[in-house]
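One structure is given below, encoded as structure tokens.
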Amino acid sequence: MMEGISNQLILVTGASGFVASHIIKSLLELGAKVRGTVRSLENEEKVGFLRNLVENPKHKLELVEADLLKEETWKNAVKGCKYVLHVASPFPMAIPNSPDELIKPAVDGTLNVLKACQEEKSVKRVVVTSSLVAVYEPYLPFPKDAEESKTLTEEHWVDGNDENVEAYPRSKALAEKAAWDFVKEIPADKNKFELAVINPGLVLGPLLNKSNSTSIEVIRLLLDRAVPAVAKTYLPICDVRDVAQAHIKALVTKDAAGHRHNVYTDSLWMKQIALILQKEFKPKGFNIPTLVAPNFLVWINSLIDKKYKTVVSRLGKEFKFSNERLRNVLGITPIECEKTIIDSANALIDLGIVKTKTKKQKKTETDAKVENADEKSKELEPEEKERINAEKTTTEVST
Ligand code: NDP
């Protein structure tokens, strides 16, 4: 694979993001020459970690500023590149007030990047990051040919113009569609580059930077017990390291050009995710919610809080995606979901996004327990006092 990418300049858009930073790390590890775009080079919190992704890389990462909504910024960004990985797209935690807040930067941004590529003769192939939400959304009826198998392939599409579809899937479907339409229409006198598309599921796995990612929020909520119970929803999972490899393989694999590629390991119920976390992290003091909320409760919540609306429409629906192209064309065997989930949680803890109990906190809690016991023991019979004193010693020894 290295022959295909060594000494060739590769552009990665949205370098500071969860997925893009993994792609850049993998490319630098392979010794590739990488240029990444960020919105602002001044934002050290978002950009600083990119300079230390790999120790002594063969080629130092180059960073330039570009904004999806500023067409003029892309000419310089793509200059001299053989490959372009267009990963940047808005992926907010909250539902936007207007769908256009997402659709406009996603679609116009993709077109701005592709327009710059058709003017730059050096560009041979572009890989665009779409999503499984551009393939299928679980609140929609199954396409006729998937009713029985409940398995969606790269042949299936969400209609980005359907206003019943949420803003984020619409933005991804419309941006991907715009990219395919664009390459079909490149005039003969312009640079006719190849296009391949990557469609990842819910991307989990280790974060490389402290700024949290929208998809990892699922794991944070469970670790922090920010929710008392889980909804009966099914999530199509993939690992960020597989997503990075898929992008890189899609650059250099001949048969990837002209195709979409689902990146998907398996679908798990939220409860299964919670149980994996509970098994691993309960012994470390975490109290993971594993109770499944009754559907009617989720529905009642949705009447009060609009963020639950999307959950209600997914309740109880089972669906799978085909990952044949990922395995057979890109040659990737997906990382097991259990490892992906545990690695996500460990990264959240290591980066301090989720607080673990420090020795000091544990000690304070124990002291409080002991003081409480002391208070109580004042009012107790002598034998009871003796038992509490013995317990106090064991607690102190065990901390
Ligand atoms: P992140 O939010 O971590 O990264 C998104 C990146 O896009 C950020 O670098 C962000 O820059 C950049 N961006 C957003 N708006 C603009 C803009 N107007 N101009 C320039 N850059 C912009 O998300 P992920 O890494 O998770 O997502 C990366 C890609 O993968 C996206 O296309 C997303 O739709 C897709 N995807 C993600 C999935 C997931 O579960 N994570 C699943 C399927 C697809 P800044 O830091 O400055 O905001």
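Computed about its Cα centre, the charge dipole of the range 13-102 is approximately 540 debye, with only Lys, Arg, Asp and Glu carrying charge at their Cβ. Distances between placed amide hydrogens fall under 5 Å for K33 paired with N7, Q8, I10, all partners being 5 or more residues away or on another chain.
Angle of helix 100-118 to the longest C-alpha principal axis of the chain, folded into 0 to 90 degrees and rounded to 10: 40°. Run the Debye formula on the Cα coordinates of the chain, all scatterers equal and no solvent, and tell me log10 I(q)/I(0) at q = 0.08, 0.10, 0.13 1/Å. The calculated log intensity ratios at q = 0.08, 0.10, 0.13 Å⁻¹ are -0.48, -0.71, -1.10.
Legend: residue pairs K192/K339; K58/K210; K58/K79; K75/K320, Cα-Cα distance threshold 30 Å; pairs beyond threshold, K192/K339; K75/K320. For the range 296-339, the pair-distance distribution built from all alpha carbon pairs, in bins 5 Å wide starting at 0, is 5, 17, 15, 12, 10, 12, 13, 9, 6, 1 percent. For the chain, what does -39500 (n - 2.57) per DSSP helix run (n ≥ 4), summed and divided by total residues, give at 222 nm, in deg cm²/dmol to the nearest 500? Mean residue ellipticity at 222 nm (helix-derived): -12500 deg cm²/dmol.
Near the amide H of G80, within less than 5 Å, lie the amide hydrogens of S122, all on another chain or at least 5 residues away, with H placed in the peptide plane. Using θ = phi - 60° in the Karplus curve 6.51 cos²θ - 1.76 cosθ + 1.60, the 3J(HN,Hα) couplings for the range 7-19 round to 6, 9, 6, 10, 9, 10, 8, x, 3, 6, x, 4, 5 Hz; x is entered for Gly and Pro. Among the trypsin sites (Lys or Arg not before Pro) found in the range 47-130, those both in a DSSP coil and sparsely packed, with 14 or fewer other Cβ atoms within 10 Å of their Cβ, are K58, K60, K70, K121.
Using bins of 10 Å that start at zero, the share of Cα-Cα pairs per bin across the range 104-170 amounts to 17, 39, 26, 15, 3, in whole %.
I'd like the orientation of helix 240-252 relative to the chain: the angle between its Cα long axis and the longest Cα principal axis, in ° from 0 to 90, rounded to 10. Helix 240-252 and the main axis of the chain meet at about 10 degrees.
Averaging 1/r over each pair of different alpha-carbon atoms in the range 150-216 and inverting the result gives 14.9 Å, the Kirkwood hydrodynamic radius.
Close amide H pairs (under 5 Å, H built 1.01 Å from N) link L268 with L235, I237, residues at least 5 positions away or on another chain.
Readers should treat all values here as calculations from the given coordinates under stated rules, not as data from a laboratory. The structure displayed is predicted, hence computed values, not measured ones. Note that we place each Cβ from the backbone using ideal geometry, even for glycine, and neighbour counts take in every protein chain shown.
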